[in-house]
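Okay, so here's the structure we're looking at.
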Amino acid sequence: MFGAFCGVASSVFVALNAIYTTRCLPCVDNNVWRLCLYNNFNACILFLPLMIIFSESSVVLNYPKIFNIPFWFAMTMAGLLGFSMGYVTGYQIQMTSPLTHNVSGTAKSYVQTLLAVVIYSEVKKKLRNLFLKKKLFFFDLF
């Protein structure tokens, strides 16, 4: 039941993010780069108090690979890829609409699900199979 709640909450926040992005673009002169930059700076600033509240700063400082160059290379690449995904999402919303962005995300999810089933040949339980078929059916209707 918790998984279903998290899935619904995720869908709601994805839709709200697209709508909010559309509303915020005029505040930054319709500049997606600026919006992504502000989003990332805000996330970095808001992340620090959470690290302190949940006592994660000591975990980070005591991490054995904190001064390891391959670790920082991987972290930098992850950051660049995350920033580029945010930019592409913002650009897609700017050029189309929040609805189109959500539909294309659903299409991507549809293809990923089919590929996972075909490539990994997973044996599914009956209930999971039912939900997968329902998802594919409703996307086909759309």
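Considering only residues that are more than 13 Å from the chain's Cα centre (by Cα), free of Cβ contacts under 8 Å to residues at least 40 places away in the same chain and part of a helix (DSSP H, G or I), which ones fall in segment 80-98?
Once the filter is applied, which keeps residues that are more than 13 Å from the chain's Cα centre (by Cα), free of Cβ contacts under 8 Å to residues at least 40 places away in the same chain and part of a helix (DSSP H, G or I), segment 80-98 yields Leu80, Gln92, Met95.
If Leu61 meets every condition in (1) under 30 Å from Ser109 (Cα atoms); (2) modelled with pLDDT under 90; (3) not charged (D, E, K, R) apart from one, which number is that one?
Leu61 satisfies all of (1) under 30 Å from Ser109 (Cα atoms); (2) modelled with pLDDT under 90; (3) not charged (D, E, K, R) except (1).
I'm trying to understand the selection: among the residues of segment 1-45, which are surrounded by 14 or more Cβ atoms within 10 Å (Cβ to Cβ), farther than 13 Å from Pro98 by Cα and touching a residue at least 40 places away in the same chain (Cβ under 8 Å)?
Correct list: Val32, Leu35, Cys36, Asn39, Asn40.
Taking the criterion of being closer than 29 Å to Val12 by Cβ and in the same structural domain as Val12 (by TED's automatic domain parsing), would at least one residue in segment 64-71 satisfy it?
No: zero hits.
For segment 53-70, give me each residue that is part of a loop (DSSP other than H, G, I, E, B) and surrounded by 10 or more Cβ atoms within 10 Å (Cβ to Cβ).
Correct list: Glu56, Tyr63, Lys65, Ile66, Asn68.
When only residues in segment 6-37 that are under 17 Å from the mean Cα position of the chain (by Cα) and of a type in the set (Phe, Trp, Tyr) count, which is modelled with the lowest pLDDT?
Phe13
State whether the residues of segment 22-39 include one that is of a type in the set (A, V, I, L, M, F, W, C) and within 30 Å of Leu132 (Cβ to Cβ). I'd like the intermediate steps shown before the answer.
Taking segment 22-39 and keeping what is of a type in the set (A, V, I, L, M, F, W, C), we get 24-25, 27-28, 32-33, 35-37.
Filter again for within 30 Å of Leu132 (Cβ to Cβ), leaving none.
Scanning segment 22-39, I find no residue that is of a type in the set (A, V, I, L, M, F, W, C) and within 30 Å of Leu132 (Cβ to Cβ), so the answer is no.
The values are calculated or read from the model by the stated rules, or taken from the named source; none is laboratory data. Values in this document were obtained by computation on a predicted structure and should not be read as measured data. Using ideal geometry, Cβ is built from the backbone for each residue, glycine included, and neighbour counts are taken over all protein chains shown.
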